[in-house]
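Since the structure comes first, as structure tokens, the remarks are kept for the end.
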Amino acid sequence: MFGYDIIYPEDLGYTTKYVDNIFSTISKIVEKRQSGTINIVFLDDESIKNLNNNYRQKDSYTDVLSFHYFDDFWELEDEDTAGEVILSKTKILEQAVELWHSPADEFYRLLIHSLLHILGYDHIQENDYKIMQSLENQIWEEVFGEKDK
């Protein structure tokens, strides 16, 4: 199972209990080696826009970016950085209002989505989108039950 560090934590109402459960559930559901540490980082919108432009050639703001530093995680020690999830508090708050759920729930949804990206899942093709969405829903239901499905 990946470990994690939350860097520059934002007050969005999330709890480490649910973050722990998300990581644990993903390790049970996704049959891929998950070792090392994932850094969860909150940055300002301009910093995220710059990263989005530099790494994805998209000159726009985004809610989350996912970076994995290895194709597989077999050789990593617990303290090795396996990847990073970069989040925008501003976007989380906006999307929570738009989608009628709490900022914490939006954070959890983005975290699940990002961890799946780090593990190699994508949603460019329709079939891949369906697979990833199904996994996201399965993880959500395992961690939160029917809450805000």
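The values are calculated or read from the model by the stated rules, or taken from the named source; none is laboratory data. Fair warning: this is a prediction, and the values are worked out from it, not measured in the lab. Backbone-built Cβ (ideal geometry, glycine too); neighbour counts: all protein chains shown.
Here L135 passes the criteria (1) touching a helix residue (DSSP H, G or I) at 6+ places or on another chain (Cβ under 7 Å); (2) free of Cβ contacts under 8 Å to residues at least 40 places away in the same chain; (3) assigned to a helix (DSSP H, G or I) except the one numbered (2). Output yes when any residue across region 112-135 is among the charged types (D, E, K, R), at pLDDT 95 or above and on the phi < 0 side of the Ramachandran plot, and no when none is. No, the conditions are met nowhere in region 112-135.
Within region 102-132, if we keep just the residues that are part of a helix (DSSP H, G or I) and among the aromatic types (F, W, Y), the residue that is farthest from I86 (Cα to Cα) turns out to be Y129. Number of residues in region 3-44 that are acidic (D, E) and either touching a residue at least 60 places away in the same chain (Cβ under 8 Å) or touching a His at 6+ places or on another chain (Cβ under 6 Å) (or both) equals 1.
Of all the listed residues (S35, S24), the sole one being small (G, A, S), at pLDDT 95 or above and within 17 Å of L115 (Cα to Cα) is S24. Scanning region 42-78 for residues that are closer than 21 Å to L119 by Cβ and in a loop (DSSP other than H, G, I, E, B) returns T62, D63, Y69, F70, D71, D72, F73, W74, E75, L76, E77, D78. Of the residues making up region 100-111, at least one is at pLDDT below 95, out of contact with any Gly (no Cβ under 9 Å at 6 or more places or on another chain) and surrounded by 15 or more Cβ atoms within 10 Å (Cβ to Cβ).
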